[in-house]
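Participant: For reference, the structure I am asking about is given below.
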Ligand code: DSN
């Protein structure tokens, strides 16, 4: 791996500090992961130098035999892994992938519905500050008191407002998504159902979360979360999608290029192909299953230590902590206290948050990276105790320093990126 180091001492020094941070900290932001050394090599390859506007065998520039080969390989692997008819691997990330879905299925001003951001939804599912709400008529649905999706509201919006596009998916929803209920509602009003599996792609690939393939018309994802690839995006069209609109795959491709983007990042696509190859191996199923086992063990440990969780647990890789028993709007303070103690996670709004998105009352955490490092339920029990101790006494700097030292020792038992 040494050959990846550059010889610019200033850049090298910053990267070296980040390597150390990734080795010595419990990184628990649920949308992050640690890619394999092979993925790192692929994204650091000379494919970064190539312009490849267009699609394999239909490029606008010469010299694309190798980019064609890598992009076709990524597409074939994604089709096999998820069992879909068509895949576009060019979106630079999740937001452009989602915007391309709007471009492919709607006209400006058309109606769309998605989960509200404070309830766990994504910006691009129609939240008010996003272009998806500025250029389209967005009506948002919510979760109920119990933290689960309010299907009465989804049905009401569907009946009264007839959205042409329904989004299912989230950034802070700890429970399994009921795809079939969304699918029934979408079919009744002849809407497109787009399922954004960015957070759970690795769990779907590993068979520990139900697959949306037989329910959705379109599936979008990022490639860098539980799927453990580089930062990128993909759009998949299912058999059901092609039955609804035989032109859907072409519309999606046209929306990505030339509709939204210029040259695809073929070095990233090489990294995606590598990550998909890893996800096709049997051991990835064990990895995905362990992510969920770890998240459940961590959730139990937190609750045993009197920490309140939205929906009282998790079915996935992700946990949302409700900090209101300790005060309103404490998310950021506690996230900082935990960072001082060697645990990196993010402050997050909780459903019906009594505070603002700038001062949210929750924290969001997950287990993809700890699982990549090889940690199991035993370690989760201890990590839950560390986190609970810091939450309950979040102004105690001495405690934070003590836990940080213990976490450095724990991390050393589960080394990563050796040789870097
Ligand atoms: N920023 C991502 C996340 O953390 O969930 C969503 O885009």
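Bear in mind these aren't lab numbers, they're just calculated from the coordinates by the rules spelled out. Every value quoted in this text rests on a predicted model; they were computed, and no experiment measured them. Reconstructed Cβ throughout: ideal geometry from the backbone, glycine too, with neighbour counts over all protein chains shown.
Participant: How much length, in nm to one decimal, is gained on full extension between residue 417 and residue 128, taken as 0.36 nm per residue of separation minus their Cα-Cα distance?
Facilitator: Stretched fully, the residue 417-residue 128 segment lengthens by 100.0 nm.
Participant: Still on this structure, I have one more. In nm, to one decimal, how far is the modelled label at residue 254 from the one at residue 61, with both set 7 Å along Cα→Cβ?
Facilitator: 2.5
Participant: Would you mind computing, in nm to one decimal, how far apart the modelled labels at residue 79 and residue 402 are, each placed 7 Å from Cα along Cα→Cβ?
Facilitator: 5.9
Participant: Here's something else I'd like to know. Among 86, 217, 209, rank each residue by its count of other Cβ atoms within 10 Å, from fewest to most, as a rough exposure measure.
Facilitator: Going from least to most buried by this count: 86, 209, 217.
Participant: Show log10 I(q)/I(0) for the stretch 231-280 at q = 0.18, 0.25 Å⁻¹, two decimals, from a solvent-free Debye sum over equal Cα scatterers.
Facilitator: Cα-only, vacuum Debye calculation for the stretch 231-280: -0.73, -0.97.
Participant: What value, in deg cm²/dmol to 500, does the helix sum -39500 (n - 2.57) over DSSP H runs of n ≥ 4 give at 222 nm once divided by the residues of the chain?
Facilitator: -13000 deg cm²/dmol, from helical runs alone.
Participant: Describe numerically, in nm with one decimal, the distance between label points set 7 Å from Cα along Cα→Cβ at residue 293 and at residue 46.
Facilitator: Those two pseudo-labels are separated by 4.4 nm.
Participant: Would you please put 315-328, 221-234, 150-163 in order of how densely packed they are, using the mean number of other Cβ atoms within 10 angstrom per residue and starting with the highest?
Facilitator: 221-234, 315-328, 150-163
Participant: What percentage of all Cα-Cα pairs in the stretch 1-150 are separated by more than 24 Å?
Facilitator: More than 24 Å apart: 58 percent of the Cα pairs in the stretch 1-150.
Participant: Enter the mean projected area of the convex hull around the alpha-carbon atoms of the stretch 264-409, in nm², rounded to one decimal.
Facilitator: It is 10.4 nm².
Participant: Which value, in nm² and rounded to one decimal, describes the direction-averaged projected area of the C-alpha convex hull of the stretch 2-51?
Facilitator: Result: 4.8 nm².
Participant: Using a 7 Å offset from Cα along Cα-Cβ at residue 142, what residues in the stretch 330-367 end up with backbone N under 19 Å from the label point?
Facilitator: 348-362
Participant: Could you list the square roots of 5 times each eigenvalue of the Cα gyration tensor of the stretch 143-202, that is, the equivalent ellipsoid semi-axes, sorted largest first and rounded to whole Å?
Facilitator: Equivalent ellipsoid semi-axes, largest first: 20, 15, 9 Å.
Participant: Would you kindly give the portion of the calculated P(r) for the chain that falls above 37 Å, as a percent of all Cα pairs?
Facilitator: Numbers: 20653 of 87990 pairs.
Of all Cα-Cα pairs in the chain, 23 percent lie more than 37 Å apart.
Participant: Express in % the proportion of alpha carbon pairs of the stretch 138-265 at distances exceeding 20 Å. Don't jump to the answer; show the numbers that get you there.
Facilitator: Values: 3911 of 8128 pairs.
Percentage above 20 Å: 48.
Participant: On average, how much area does the Cα convex hull of the stretch 182-333 cover when viewed from any direction, in nm²?
Facilitator: Details: hull surface 48.7 nm².
Spelled out: convex hull of the Cα atoms, projected over all directions, averaged, 12.2 nm².
Participant: So the label point goes 7 Å from the Cα of residue 189 along Cα→C-beta, right? Which residues of the stretch 109-133 then have their backbone N under 19 Å from it?
Facilitator: Answer for this model: 109-117, 121-122, 124-128, 132-133.
Participant: If you stretched the chain out fully between residue 247 and residue 395, how much longer would it get, using 0.36 nm times the residue separation minus the C-alpha to C-alpha distance?
Facilitator: Stretched out fully, the residue 247 to residue 395 stretch lengthens by 47.5 nm.
Participant: Sticking with this structure for a sec: May I ask you to derive the FRET efficiency for residue 151 and residue 303 from their Cβ-Cβ distance with R0 = 25 Å, giving the value to the nearest 0.05?
Facilitator: Working: r = 26 Å, r/R0 = 1.05.
Computed FRET efficiency for residue 151 and residue 303: 0.45.
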